[in-house]
1. With charges set only on the Cβ (+1 for Lys and Arg, -1 for Asp and Glu), what does the dipole of the stretch 69-148 come to about its Cα centre, in debye to the nearest 20?
2. Along the Cα-to-Cβ line of Arg7, 7 Å from the Cα, sits a label point; which residues in the stretch 478-504 have backbone N less than 15 Å from it?
3. With every protein chain kept in the model, how would you rank Trp49, Trp523, Trp133 by accessible area, 1.4 Å probe, largest at the top?
4. Quick one: go through the stretch 343-363 and flag any residue whose amide nitrogen is under 18 Å from the point 7 Å out along the Cα-to-Cβ line of Asp473.
5. May I ask you to compute the full-extension gain from Lys248 to Tyr521, defined as 0.36 nm times their residue separation minus their alpha-carbon distance, rounded to one decimal in nm?
6. What relative contact order, as a whole-number percentage, does the stretch 262-406 give when Cα pairs under 8 Å and 6 or more residues apart are counted?
7. Compute the angle between helix 401-411 and the longest alpha-carbon principal axis of the chain, please, reported from 0 to 90 degrees and rounded to the nearest 10.
8. Just need the relative contact order of the chain here, percent rounded to a whole number, with Cα pairs under 8 Å and 6+ apart.
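The values are calculated or read from the model by the stated rules, or taken from the named source; none is laboratory data. Not measured: the values here are computed from a predicted model. Reconstructed Cβ throughout: ideal geometry from the backbone, glycine too, with neighbour counts over all protein chains shown. Ligands, DNA and RNA are stripped out before the accessible areas are found, and what is left, the full protein with its side chains, is counted by its heavy atoms. Shrake-Rupley method; radii C 1.70, N 1.55, O 1.52, S 1.80 Å.
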Amino acid sequence: MEQFDFRRMSFYQIWIRSFMDGNGDGVGDLYGVYDKLDYIASLGVDGIWFSPIYPSPNADYGYDISDYRNIHPDYGTLDEFRKVLDRAHALGLRVIMDLVINHTSDEHPWFLESRKSRTGPYSDYYIWRDPKWKGESRLPPNNWFSQFEGLAWEYCPEREQYYLHVFAKKQPDLNMDNPRVREEVKGIMRFWLDMGVDGFREDVITYISKHPQLPDGIPFLPVINGQPYYKDGPNLVPYLREFREVAKEYGALQIGEAPMTPVKTALTYLTGEDRVLDMMIQFDTMGADCFMTEYLHHPFFLPKLKHAFSKWQYALAGKAWNALYLENHDHPRVISRYGSEEFRRESGTMLAAAYIFQQGTPFIYQGQELGMTNIRLGSIEEYQDVATKNAYHSFRRRQTEEKRLRHVHRASRDSARTPVQWDGSPNAGFSKAKPWFSVNPNYREVNAEKEEADPQSVLNFYRRCLRLRKGSDTLLWGDYREFWPQHPHLYVYERCYGTERILVVCSFSKTEQSWKLPKGYAWEGCTLLLCNYGEEPVPERLRPYEARVLRWDRK
Ligand code: NOJ
């Protein structure tokens with residue numbers, strides 16, 4: 001079946017547990033989603049990506065699946081999902097699901113069978129290896145660390161073997177080299193596609209093919225020392241090609257999550273008619289204030305962010321298509337990172353312009369459009385996320401608790417997982433019951449109701465950006481060029497198409513900045529398409545976090 005044109009679209013990501021509680025138990029659910037579909041459509045997006053909504057023990061909040069063909073009872077039923085799907089489609093919204101196939105939950109029936117013996121029908125569904133012995137001491141098969149919790153191996157006495165878990169202990173890695181596992185994946189894809197979903201966001205898809213020997217990684221490198229042997233592995237493309245065949249039958253969209261995949265490698269998945277993925281969620285743009293993980297912080301450095309933006313824009317131009325994002329459920333809130341909480345409205349709107357007008361399909365994460373910011377909880381026990389807790393317990397153990405918590409405040413992905421702030425009523429209008437997780441105490445100032453009422457709000461600016469992008473061939477298809485890549489405060493880029501030139505000017509500064517148009521531009525004939533301040537701009541002065549979109553006809 002022919003694929004729909006995902007390049008014109010933009011997506012809204014729902015992390016359901018914190019989106020909206022419709023049945024009054026303190027947990028977000030599909031009833032809440034149903035009630036908010038008109039709101040989502042009102043943003044001007046064209047699709048929804050659901051982070052996992054399947055049954056799961058929630059060791060990693062849905063990314064540990066125990067049943068691929070059902071809905072978590074906390075969130076509703078398959079019938080309720082069908083209702084949401086139909087209504088979304090009626091509103092012109094496509095729906096894509098999260099496909100998590102690098103690992104399952106350790107409570108998935110496949111794993112419960114697999115761990116029983118070395119000979120059963122599921123014995124080869126996961127990555128099992130014999131221990132290494134050093135004298136009498138039993139050691140794991142190699143020295144890999146898990147990305148979430150200690151070592152990447154867990155011993156299973158029933159089999160007298162270890163299983164691999166690149167993420168939490170409760171997330172055993174599937175053995176994709178087993179053709180039966182790949183058939184299972186195809187069956188799962190068909191199950192959802194037959195129901196009418198429009199595609200998948202594929203979780204850590206570049207991890208599914210492991211190096212056959214599973215060699216030791218660099219001993220002193222924390223967290224990701226095994227990554228060279230489980231990322232972009234030898235059979236990744238052939239396996240993705242198999243899944244692509246299924247997607248093609250339905251014209252379904254496939255977006256792959258690819259932590260630390262370099263752009264050159266990304267192109268091998270993304271280019272041409274026989275591409276195996278349509279878009280890729282790259283991680284480069286998440287590293288402008290840290291090394292590899294948010295827990296290894298350095299001050300925000302604009303040239304690093306711009307380098308990441310432009311690297312992907314230039315490399316994919318004319319060959320492949322970008323997925324554009326600044327937030328999702330895995331990263332703290334972007335205003336608190338790359339903008340300023342003090343200039344919440346100004347920086348939240350500027351950041352929208354900085355990424356939405358690049359070439360690609362924008363993704364907006366729930367609450368991002370409301371300008372939500374990081375939460376600061378009083379103790380590590382109040383946090384929920386396994387990766388946050390592990391980082392707290394493994395990094396900087398000699399520092400005071402206060403200092404360690406400060407790192408968590410800045411880095412935890414739990415900040416993206418607080419309940420969405422709908423209004424100023426108790427629990428931010430998210431639920432009538434006590435929410436499953438803390439609400440950010442700033443909800444009386446930062447909430448959807450207030451944002452709706454203010455024409456200059458972050459919310460209304462997102463709407464304007466999406467409308468402008470959708471109606472402009474230049475913003476959809478035009479060539480991208482960045483000016484002044486080393487400028488410490490300004491991000492300026494042009495988009496050119498036919499006879500039109502558009503310049504996007506973004507100030508990342510808390511103070512006023514003077515600036516001049518780039519070479520080859522003149523104020524004459526310039527039209528202001530969009531600005532994040534209500535009052536007329538002064539041409540060569542930019543107010544704190546000002547964003548402008550300017551247009552010219554090319555002579
Ligand atoms: C990436 C997901 O986005 C993240 O939330 C999850 O913890 C890991 N993959 C493991 O599934």
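1. Working: 12 positive and 11 negative charges, 55 e Å.
Dipole about the Cα centre, nearest 20: 260 debye.
2. Answer for the stretch 478-504: 478-480, 496-498.
3. Numbers: Trp49 5, Trp523 85, Trp133 155 Å².
From most accessible down to least: Trp133, Trp523, Trp49.
4. Correct set: 359-360.
5. Details: separation 273, 0.36 × 273 = 98.28 nm, distance 4.47 nm.
Result for the pair: 93.8 nm of gain on full extension.
6. Values: 146 pairs, mean separation 27.7, N = 145.
This gives 19 percent for the stretch 262-406.
7. Value to nearest ten degrees: 70.
8. With pairs under 8 Å counted, the relative contact order is 13 percent.
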